[in-house]
Amino acid sequence: MTTALWDVANADVVVFMGSNAAENHPIALKWFLRAKQKGATVICVDPRYTRTASKADWWIPFRSGTDIAVLGGLINYAITHDKIHREYVVKYTNASLLVHPDFRFDDGLFSGWNEATGKYDQATWAFQTGPDGQPLADPTLEHPQCVFQHIKRIYAPYTPEKVSEISGIPVAEFIRFAETVCATGAPGKSAVFTYAMGWTQHTKGVQNIRTATILQMLLGNIGVAGGGIAALRGHANVQGATDLAVLYHDLPGYLGQPNEGHQSLQDFLAKTTTRNSYWENKPKFLISLLKAWWGEHATAANDYCFDYLPKMATSETYSHYDIFQSILDGRVKGLVVVGQNPAVGSANARKVQAALAKLDWLVVSDLFLNETSEFWKLEGMNPAEIQTEVILLPAAGPLEKEGSFTNTHRLIQWKHKMIEPMGQAHSDGWYMVQIGKRLKQLYAGSTAAKDLPIKHLVWDYDDPNNPDEFDHLKVLKEINGYDTTTGAPVTGFGALKDDGTTACGCWIYSGIYPEEGVNKADARLRAAPNRPDGWTEARADGSADYLHLGWGFAWPANRRVIYNRASADPTGRPWSKVPLVWWNEAEAKWAGVDVPDMLPVAPDQVHALGVRGDSPFIMKPWGLGGIWGPLPDGPLPVHYEPKESPTPNLLYRKQGTIPTMKIYDSEFDVWGDPQRFPYVATTYRLTEHLTSGVMTRTLPYLAEAFPRHFCEIPRELAQLKGIRNGDWVEVESARGKVRVQAMVTNRLRPLRVGGRETYVIGLPIHWGPKSGHVQGDITNTLTPQAVDVNVQIQESKVFLADLRKVEVGG
Ligand SMILES: Nc1nc2c(c(=O)[nH]1)N[C@H]1C(S)=C(S)[C@@H](COP(=O)(O)OP(=O)(O)OC[C@H]3O[C@@H](n4cnc5c(=O)[nH]c(N)nc54)[C@H](O)[C@@H]3O)O[C@H]1N2
Ligand SMILES: Nc1nc2c(c(=O)[nH]1)N[C@H]1C(S)=C(S)[C@@H](COP(=O)(O)OP(=O)(O)OC[C@H]3O[C@@H](n4cnc5c(=O)[nH]c(N)nc54)[C@H](O)[C@@H]3O)O[C@H]1N2
Ligand SMILES: [Mo]
C-alpha cells in the first residue's frame, strides 16, 4: 500500500475495484467513507452488488477477469482527452525515456517471446542510454520510441466501445466512469484505487495492479494526499509475513533470493542490485542480514556465509502449488502446515487432498482440527490405503501470545499476551524457537558442510526470566539491527554498513527498536484530536499530525505515505490538496507532516546515487516512476482472457491468454470450455465467516448467522434454468462438483459480452465438510490451479462452470 488509511479521506474519487471492503475490511472502509462525507465520489467496480457497492455512489457491474481492458480503456481516455498530469508524468516517471528501437508489440505478444522456453527475452524492452550511461529521454513525449508514445499506441484500441464489448459495461457508463476518474489528473485533485483479491487472483494478477499504477501515475495520483494504490491485505499479518519473507523467492526486506547461477556474494549483488537508485545500498542490507543470521561466523573472508543460503534452481519455482505438485510427483515426503487449511482453502482442492494422502508425514499446527489435519476423513478417501502419519501441534491463538502485526498500511503494532494458552498449546514462535534449539543440539557435533548453516545459526532468544518462553524483544532487536562491535541497536537503516560491523534481520523495519528497551511498535501517542471522533484535520502549515506519526511504526523509517516527494512540485512546493512534504528554502532541508521520502538533496541537485532531487521514486532507476516496468510477462499490461473464458480475446488473436501463465501436468489439472461450461464463476468472502471457515464455523453465533453454503445466481439465468431461490443446485467445473443452495439475486446482472448474453455466478469459500458447527461442500473443488508467473497466485476469481437444479439436498 502506497498510502495510509488516514490519508485516503483526502481523495476526490475512491474506486473500489477488486475489493469488497465493507465485508472484508470494515475498519479500513471507514476512511474511504470519510472521503465520501467530505464530498468524494465513491465507485465500486465489481461483478456483484456487494455491501461495498451499497455504500458507494455508483456500482459498475462487469465481467470477472476483464479489469485490464477497463483500466486500459481509462488510460486511453486520459491520453486521448488530454487529462494527464503532464508535468508529473514528464518529471516524475519514466514516460519520457526512449525504449530500444527493436521493441515491438504484435497481436498480444511483446518482442522477445521464446515459444520453446515459455519466457520473454527482455533485451528489446531496455531503455536507450547515452555514452555516459544515462537514459535518453524526450521531455516533449513526442519521440516515437519514448514510453509515452508506446503507451499511447498500445492502448489506442482500448476504446469505450471495445471496453464495453469485452467487459459488458455499457459505453455511456464507461465514459462517465472515465470522465470522473480522469478529472483527478490535475494538481490538487486525487483518486485512490482500492483493491484486494478481485485483482490478485488471476493469471495476470500482478498486471491488473500494474495497469492501475500506470493510470495513477499518468494522472499524477501517487504520493499525493488522497492518492495512491490502497492494497487491502488479507490476514492480520499478511504484510508482515511478506516483509519478513515467508516467501520462497525473497529474503527479508525484499532482497531477492539467490539461485544456482549466483556464484558468490559479489556475483549475486552485481546481478541483482538496481543501479541509480536507493537500492545501491543493498550490499549493506544483505551483509547485515547475513551477520544477523550467522554472527561471528560470517566474515569478509567467507563472503559472510553467503554459501549458507539455499540456492533456487533456475528451472523451478517453490510456491504453494508447486509443493502439492511435488508431493504428487513423489519429490516431497513430509509437509508442515502452520495456520492453514489447504484441503479447503487451496484451488483445485481435490488435487491438494490427493497430495496429502501421498505424504509420509504431515505436521499440522492449528487451533482446531480441520479438513487438512483430518483429510483422511474426506469424501473419496480410504484410510486403509493411506500411510500418512499426522502429527498435531496445538497452537496458541492470537490473544494467547505476544508479538506484532504489520497491517495493511505497513504499520507495525505490538500486542501483548492477554491470557495463557490452554493445555499444551504454545505460540507458533515458541515452536519455531524450540525446533531451532533442538536442531542445533542435533547438529552440534557435526562437521559436515551441509550442517553448518544450522550449527552456526545465531539462535539466542532465551528469556532469562522465563525458561518456558522466549524473549520477543530480542527478536525485535535482531530485526531492527545492531552494532556488532558494541551490541547497541542501530537507529535506522541509514546506519547499516557492508563491512560486517552491523547486523540487521530486516532492513526496512530498522528504526523500530532504535534504543535498548524502546519498542516503537508499542508507541501509542495520539494526535491531539480536534474533532469529536479523534480524527485530526491536516492544516496547511502541517501542524496537525493527521498521519499519527506517534502511533506504532510504519516501514520504511516510519513514513506513512511512500513516494510523498511527489506531493510537491519539482521545485519542492506542495501541489497536492494537503501538503505532505516541502522544501524549506530557509533551512535548506525537506520538511513535512510525513517523514519525507527522497534522497537528502535540494530539488535542483543530483544525489551521488544518480537520482535527482526532483525524482520521487527513489527505489526505481533514476528515481523515475515505473510506467514502463519490465515484469516477466511484459513491460506493459495488456488484456488477456482468463485461462477459462466464455469468449475469445476480442483484442488479440495470436495470443488470447497471458503467455507466461503457469499450469501443471497432473490428472487433476483439467480444463473446461464454454460449450460444456457456459457460465463465468467467481468466488468470494462473507463478513460472517473467515477464509476456509475453521475459525468461524466453530463459533456457534457465527455459524448460526450464516449457516448454509450457496451460489448466487442472476435472476435471468435462474429463470432460464428453472431454478428458484432456495433450490438445491449442482455447480460443476471441469475439476468437480459441489451441491449448494441457490440464492437467486439481482445483485448479479446479465452482461453483453462479444454480442452475447453472459452470466456471472458466485460462490463464497467458507464451507468444508468436517470442522465446525455447520458444514458444506468445498468451493475450491471447482477452481483451477492456473497461476500468475510473478507471484504464483491461482486464478480463483474466474473460471467456467455449469449449473443445474437437483432434487436432493445435503
Ligand atoms: N469477514 C472476513 N474478512 C476477511 C476475510 C474473510 O474471509 N472474512 N478474508 C481476509 C483475507 S485472507 C483476504 S485476502 C481479504 C480479501 O478481501 P476481498 O478481496 O475484498 O475479498 P473477496 O470477497 O475475495 O473479493 C473481493 C471482490 O472481488 C470481486 N471480484 C471477483 N472477480 C473479480 C474481477 O475479476 N475483478 C474485480 N474487480 N472484482 C472481482 C468479488 O465479487 C468480491 O466482491 O479479506 C480479508 N478479510
Ligand atoms: N476459491 C478461492 N480460494 C481462495 C480464496 C478465494 O478468494 N477464492 N482466497 C485465498 C486467500 S486470499 C487465502 S488467505 C486463503 C486462506 O486459506 P487457508 O489459509 O487455507 O485457510 P484459513 O481458514 O485462513 O486457515 C487458517 C487456519 O489457521 C488456524 N489458526 C488460526 N490462528 C492460528 C494461530 O495463531 N496459529 C496457528 N498455528 N494456527 C492458527 C485456523 O484454525 C485455521 O485452521 O484462501 C485462498 N483460497
Ligand atoms: Mo488472503
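The values are calculated or read from the model by the stated rules, or taken from the named source; none is laboratory data. Here the structure is a predicted model, which is why all the values come from computation and not from measurement. Cβ placement follows ideal geometry from the backbone for every residue including glycine, while neighbour counts extend to all protein chains displayed. For the accessible areas, the whole protein counts, side chains as well, though only heavy atoms, and no ligand, DNA or RNA atoms are used. Shrake-Rupley method; radii C 1.70, N 1.55, O 1.52, S 1.80 Å.
Tabulated data
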| item | result |
| --- | --- |
| Using θ = phi - 60° and Karplus 6.51 cos²θ - 1.76 cosθ + 1.60, couplings along the stretch 696-703 (whole Hz; Gly, Pro as x) | 10, 5, 7, 9, x, 6, 6, 4 |
| Cross-link partners of Lys477 among lysines (Cα-Cα below 24 Å; sequence separation of 8 or more within a chain) | Lys282, Lys284, Lys291, Lys401, Lys415, Lys417, Lys437, Lys440, Lys455, Lys497, Lys520 |
| Whole-Hz couplings from phi, Karplus 6.51/-1.76/1.60, listed for the stretch 10-25; x for Gly and Pro | 8, 6, 8, 9, 10, 10, 8, 9, x, 9, 10, 4, 4, 8, 9, 9 |
| Solvent-accessible area per residue, Å², over the stretch 5-234 with all protein chains present [probe radius 1.4 Å] | 32 Å² |
| Neighbour net charge for Asn76 - beta-carbon separation under 15 angstrom, K R +1, D E -1 | -1 |
| Cut-off 10 Å between beta-carbons: net charge of the residues surrounding Ser264, Lys and Arg +1, Asp and Glu -1 | -3 |
| Selected from Val338, Gly762, Thr93, residue furthest toward positive end of dipole (the chain; charges at beta carbon) | Gly762 |
| Inter-probe distance in nm under a simple model that places probes 7 Å from Cα toward Cβ, at Arg438 and Arg176 | 6.3 nm |
| Vicinal HN-Hα couplings computed from phi for the stretch 590-595 (Karplus, 6.51 cos²θ - 1.76 cosθ + 1.60; Hz; Gly/Pro x) | 7, 9, x, 7, 10, 6 |
| Bridge type composition, the stretch 662-806 - antiparallel percent by DSSP, nearest 5 | 70 percent |
| Nearest-20 debye value, the chain charge dipole, Cβ charges on Lys, Arg, Asp, Glu | 1740 debye |
| Inter-probe distance in nm under a simple model that places probes 7 Å from Cα toward Cβ, at Lys377 and Arg804 | 3.2 nm |
| Computed over the stretch 662-806, Cα set: Rg, Dmax in Å | 15.5, 47 |
| For the stretch 410-471: accessible area per residue (Å², 1.4 Å) | 65 Å² |
| The stretch 343-414: Rg to Rh, with Rh as the Kirkwood radius over Cα pairs | 1.12 |
| Antiparallel bridges, percent of DSSP beta bridges restricted to the stretch 704-753 (to nearest 5) | 55 percent |
| Distance (nanometres) between label positions extended 7 Å along Cα→Cβ at Leu369 and Asn746 | 4.6 nm |
| Antiparallel content of DSSP bridges confined to the chain, in %, to 5 | 55 percent |
| Along principal axes, Cα extents of the chain, largest first, whole Å | 77, 70, 63 |
| Mean-position separation - Cα centroids, the stretch 664-704 and the stretch 341-415, in angstrom | 17 Å |
| For the stretch 32-90, convex hull of alpha carbons as volume per residue, Å³ | 118 Å³ |
| R0 of 60 Å, Cβ-Cβ distance Lys358-Glu585: FRET efficiency to nearest 0.05 | 0.30 |
| For Asn370, distant residues with modelled amide H under 5 Å away | none |
| Ranked packing of 296-304, 707-715, most packed first, by mean Cβ within 10 Å | 707-715, 296-304 |
| Cubic angstrom per residue, convex hull over Cα atoms of the stretch 607-653 | 104 Å³ |
| The stretch 626-745: proportion of alpha-carbon pairs further apart than 25 angstrom, % | 47 percent |
| Local net charge near Ser111, Cβ-Cβ under 11 Å (Lys/Arg +1, Asp/Glu -1) | -2 |
| Linear extension gain, Arg724 paired with Asp499, 0.36 nm per residue minus alpha-carbon span | 73.9 nm |
| Alpha-carbon centroid distance for the pair the stretch 61-104 / the stretch 713-758, whole angstrom | 36 Å |
| Protein accessible area in the chain, 1.4 Å probe - carbon and sulfur % | 54 percent |
| Sites Ala384 and Ile27 - FRET efficiency at Förster radius 35 Å, r taken between beta-carbons, to 0.05 | 0.10 |
| Per-selection Rg to Rh, the stretch 242-365 - Cα, Kirkwood hydrodynamic radius | 1.06 |
| Computed [θ] at 222 nm, helices only, for the chain once each DSSP H run of length n ≥ 4 contributes -39500 (n - 2.57) | -6000 deg cm²/dmol |
| Unit Cα scatterers, Debye sum, the stretch 5-234: log10 I(q)/I(0) for q = 0.12 Å⁻¹ | -0.68 |
| Peptides 311-324, 770-783, 473-486, 217-230 ordered by average Cβ neighbours within 10 Å, highest first | 217-230, 770-783, 473-486, 311-324 |
| Ordering of 47-58, 550-561 by packing [mean C-beta count within 10 Å, highest first] | 550-561, 47-58 |
| Per residue Cα convex hull volume in Å³ - calculated over the stretch 600-692 | 244 Å³ |
